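This report refers to the structure that appears directly beneath it.
The values are calculated or read from the model by the stated rules, or taken from the named source; none is laboratory data. Every value quoted in this text rests on a predicted model; they were computed, and no experiment measured them. Heads up, the Cβs are rebuilt from the backbone with ideal geometry, glycines too, and the neighbour counts pull from every protein chain shown. Each accessible area value is taken on the protein alone, full model and side chains, heavy atoms only, with ligands, DNA and RNA left out. Shrake-Rupley method; radii C 1.70, N 1.55, O 1.52, S 1.80 Å.
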Amino acid sequence: MPRAPIRLLSPLLALLMGGLGAPALAGEEPSSLAPTPRALEELERQILGGGCAPRLLGDSRRRFVESQLLCDAHLSFILVQLALDGAPLPESPRRLKALLADALTRGRGPFLKGPTTRVRGHTLPDSVLYKGYVLLMLAGMERAGMADAESTALFDALATSLESALSRQLLLPSFTRSIWPCDSAPAAAGLLLHGRLRGNALSQAMGERLTAKLAELAALPTGFPTRVNAKGHPVEATPRATTLAWTGAFLSLGAHPTAATFTTTLVKGYCDRPGGDLLPFAACREWPRGVDGPEDSASGPLMQGGYSVGASTLALAATHLSNDYQSWHRDLVNSAREMGIRPLLEKPHRHPLEAALYWWGTTARPW
């Protein structure tokens with residue numbers, strides 16, 4: 001079973017799982033699940049204090065060693081979006097800087113088994129996934145006007161480092177030597193944002209080139225592959241809803257029109273309203289129609305009809321970031337609410353990773 005994006009996406013599976021608590025009251029507004037300043041402060045204390053445990057929903061059988069990086073990054077994204085929406089949390093620049101410092105230290109841990117590069121005094125893993133996430137954190141600070149001289153210098157240096165690595169091999173591994181194309185989407189978005197925010201033609205060009213490569217893979221007769229080799233040839237060719245949603249969401253965060261290729265394929269090919277158009281609930285299957293694929297840590301439980309917990313949850317972010325699929329987003333939120341997401345969000349310190357990812361998926365907008 002592939003390690004990434006399967007392991008990367010697996011935290012999102014927990015959000016629609018049963019057993020989180022009692023279903024919400026019928027007719028409850030989706031906005032009632034929005035993050036409050038108090039909840040975000042509680043989430044921040046846990047992330048920067050005790051940290052994000054490397055397991056899902058406290059279950060030691062569901063290991064997820066990359067949790068600290070994702071906690072740092074997604075809370076950072078939420079704080080940036082609040083600032084852009086005119087509702088910043090107090091001391092947001094300090095909070096963003098603290099989350100970045102944590103990503104540059106504790107967040108590196110699982111990625112340090114592979115090669116590293118020195119960037120502005122930091123030893124950073126060469127993982128395209130790690131560098132893409134940190135680049136997006138720095139882009140958010142710049143976009144919200146909360147960068148300082150140190151973070152801007154790191155933003156420039158990391159973009160240069162990533163651009164140089166991609167010029168030698170366009171599709172880079174996330175862990176060891178294995179390559180999952182969807183894991184390049186955060187890096188592509190980060191480079192596009194660096195190009196626009198810093199007026200850097202090289203970053204812009206490389207972001208466009210990497211995005212074009214993802215679109216090229218999506219146009220293969222077999223669809224967007226789950227895993228490829230260093231030459232871009234499919235190793236696992238069958239497309240999945242989780243990888244489509246992931247790629248669509250991050251390219252949308254970078255405000256690139258190619259995102260629509262992935263989100264449209266996701267919604268039209270994998271998502272339904274199982275109760276009919278008159279009921280406000282939606283779900284997405286993990287595998288293409290007609291493919292009887294197995295359950296795994298990415299798909300989560302496969303319900304009757306092949307509907308997937310993981311695919312449905314990842315679709316929250318992809319549809320929210322798309323102007324074309326807001327009704328689908330609302331119906332997916334309704335499904336999460338009815339499955340009992342509220343208790344998890346009311347105590348974010350107990351499940352910081354899951355809460356951060358859910359709130360990002362329901363608040364994110366293109367930068």
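Give me the net charge of residue 163's neighbourhood, meaning all other residues with Cβ under 11 Å from the Cβ of residue 163; Lys, Arg count +1, Asp, Glu -1.
Result for the neighbourhood of residue 163: +2.
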What base-10 log of the normalised intensity I(q)/I(0) is obtained for segment 181-228 from the Debye formula, alpha carbons as equal point scatterers, at q = 0.22, 0.28, 0.29 Å⁻¹?
-0.70, -0.92, -0.96
Can you send over the solvent-accessible area of residue 183, 1.4 Å probe, protein chains only, in Å² to the nearest 10?
0
Of 231, 97, 113, 213, which has the most accessible area with a 1.4 Å probe, and how do the rest follow in descending order?
113, 231, 97, 213
Estimated Rh, segment 42-363: Kirkwood, alpha-carbon pairs, angstrom
19.8
About its Cα centre, how strong a charge dipole does the chain have in debye, to the nearest 20, once Lys and Arg get +1 and Asp and Glu get -1 at the Cβ?
860
Please list, in order along segment 177-184, the HN-Hα scalar couplings obtained from phi with the Karplus expression 6.51 cos²θ - 1.76 cosθ + 1.60 (θ = phi - 60°), rounded to whole Hz, x for Gly and Pro.
10, 7, 10, 10, x, 4, 6, 7
Per-selection Rg to Rh, segment 227-367 - Cα, Kirkwood hydrodynamic radius:
0.97
Sequence-distant residues sharing a close amide H with residue 126 (under 5 Å, placed H)
116, 117
For the chain, what does the helix formula give at 222 nm: sum of -39500 (n - 2.57) over DSSP H segments with n ≥ 4, over the residue count, nearest 500 deg cm²/dmol?
-16000 deg cm²/dmol
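For segment 38-137, rounded, prolate or oblate, judged on the Cα gyration tensor with a ≥ b ≥ c (square roots of eigenvalues), a/c < 1.5 rounded, else prolate if a/b > b/c?
oblate
Given the convex hull of the Cα atoms of segment 86-197, what is a quarter of its surface area in nm²?
Working: hull surface 28.4 nm².
Dividing the Cα hull surface by four gives the mean projection, 7.1 nm².
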Just the accessible area for residue 349, please: 1.4 Å probe, Å², rounded to the nearest 10?
70
At 1.4 Å probe size, with the rest of the protein present, what percent of the exposed accessible area of the chain is carbon and sulfur atoms?
53
Residue-normalised accessible area of the chain, expressed per residue, 1.4 Å probe, Å²
39
Over the heavy atoms of residue 182, what accessible area does a 1.4 Å probe trace out, to the nearest 10 Å²?
0
Between the modelled labels at residue 350 and residue 363 (7 Å from Cα along Cα→Cβ) the distance in nm is 2.1
Classify segment 201-254 as rounded, prolate or oblate, taking a ≥ b ≥ c as the square roots of the eigenvalues of its Cα gyration tensor: rounded when a/c is under 1.5, otherwise prolate if a/b is larger than b/c and oblate if not.
oblate
Which Rg and Dmax, in Å, describe the Cα atoms of segment 158-280?
15.3, 52
If I take R0 = 41 Å and measure r between the Cβ atoms of residue 235 and residue 338 in this structure, what FRET efficiency does the formula 1/(1 + (r/R0)^6) give, to the nearest 0.05?
0.60
